[in-house]
1. Using only Cα atoms, find the angle between the long axis of helix 107-118 and the longest principal axis of the chain, and express it within 0 to 90 degrees, rounded to the nearest 10.
2. What list of ³J(HN,Hα) couplings, whole Hz, do you get for the stretch 363-380 from phi and the Karplus terms 6.51, -1.76, 1.60, once you set θ to phi - 60° and write x for glycine and proline?
3. Can you give me the % of accessible surface on the stretch 181-248 that is carbon or sulfur? Probe 1.4 Å, all protein chains present, nothing else counted.
4. So what's the gap between the Cα centers of the stretch 272-324 and the stretch 74-126, to the nearest angstrom?
5. In vacuo Debye scattering of the stretch 238-327, one point per C-alpha: log10 I(q)/I(0) at q = 0.15, 0.20 Å⁻¹?
6. Taking a label point 7 Å from the Cα of Q265 along the Cα→Cβ vector, which residues of the stretch 318-348 have an amide N closer than 17 Å to it?
7. What whole number of Å gives the distance from the Cα centroid of the stretch 352-380 to the Cα centroid of the stretch 10-46?
8. At a 10 angstrom cut-off on C-beta neighbours, averaged per residue, how do the peptides 86-97, 14-25, 48-59 rank from highest to lowest?
Amino acid sequence: MTRDPVSTVEHRGLLADSVADFAARGTDIARVRKLRGTAAEYDRAIWKKMAELGWLGILVPEQYGGLGLGLTEMAIVARGLARGLSPEPLAATAVMSATALVAAENETLKREQLPRLVSGQVLPALAWQEEAGALDPAAARCTAAPFEGGYKLSGTKRFISGSGQADAFLVTARAGESLVLLWVPRDTAGARLALEKLADGRAFGTLELKDALVPKAHVAASGVAATTALALAFDHANAVAAAELAGVMDRALEMSVEYLKTRVQFGKPIGSFQALQHRAVDLHIHREVANAVLEESLAALDRRPAATARAVAASRVKARCADAALKITRETIQLHGGIGFTDEYDAGLYLKRAMTLAAWLGGATWHRRRYARLTAEASS
């Protein structure tokens, strides 16, 4: 059944209004400042409220308790929350982990854990990366040795987003020649998590595994199914990260324009100076181009294209939004002058968030190269 276009637009408008209202009432920059640099990283009570609003289940099919909507709807939520720098790991958990688990082949595990994810009871983090710059989700050195019908896991996973309060990890490992995706509860014997602080006050986790036992029931996927699930999660998470970057640049540009209108120098608002007007317009153009690419890419991804087309769309939007967000947030500091460099002023928080998001899952340069390679291969 196809959705009525008018109804879809109305529903998305209502969703955006709901997110804006939540951000205004349920979170603020003071909360962000309080949580940054702490081991907690985010507020589990806020996460529960997001679950009650149905946002954690946007990408989860209805048969598992979710809403079964698309990336466009998830991007609306991510963008709205990013305007207020909400620290809850929406893209890492409700997109990347949820997508990988939905695409997995262990139906029993999915029926057990996906409803818990949707309700906010369990918060899983995807542990796939092992080396800086290694961005192939299927590349794993962590070993899974067969043991009593399950596996013994050994190795180290790094750069795990949303791991601060994660209840479980979806871990990639190599079982002989085959890739496996395993559900590993946080309290599993032989698993130890350490946190590494990031520029924006959040943290990446490093998960060390030493003979950690994983029963057969916790094998989410293996072989081609595992590789496919990870590739899908990687691309979808990049698209939603781009939406978050759009939210960050939205608010940063608003702050700049507001400041240009109110800061008085030589007896007049500095926004009346032509040179600053030109810079503001340039930033506006960067944002509008990024918005156009974001809208087009999300629509393309919601049509569920083949793997190559999906990767092209994801890399295109991540590169564009990363460049635009970094440009706008850096210029925000410059346009504010000295006050923009102080930690007490919020402009720096937006730059730091843009820097972290732009680098997560591959920076703009990496994604431009990937885009160029894939489009060249597709046309040859």
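The values are calculated or read from the model by the stated rules, or taken from the named source; none is laboratory data. Quick caveat, the model's predicted, so the values are computed rather than measured. Every residue, glycine as well, gets a Cβ built from its backbone with ideal geometry; the counts of neighbours run over all protein chains shown. To get the accessible areas, we keep the full protein, side chains included, count just its heavy atoms, and leave off ligands, DNA and RNA. Shrake-Rupley method; radii C 1.70, N 1.55, O 1.52, S 1.80 Å.
1. For 107-118 against the chain, the angle is about 30 degrees.
2. Once rounded to whole Hz, the list reads x, 4, 4, 4, 6, 5, 5, 5, 4, 4, 5, 5, 5, 5, 5, 5, 8, 7.
3. Details: 1420 of 2430 Å².
So the carbon and sulfur contribution to the accessible surface is 58 percent.
4. Value for the Cα centre distance between the two parts: 24 Å.
5. Log-scaled intensity ratios, in q order: -0.60, -0.86.
6. 331-342
7. 28 Å
8. Working: 86-97: 26.7, 14-25: 15.2, 48-59: 20.3.
Ranked from most to least packed, the peptides come out as 86-97, 48-59, 14-25.
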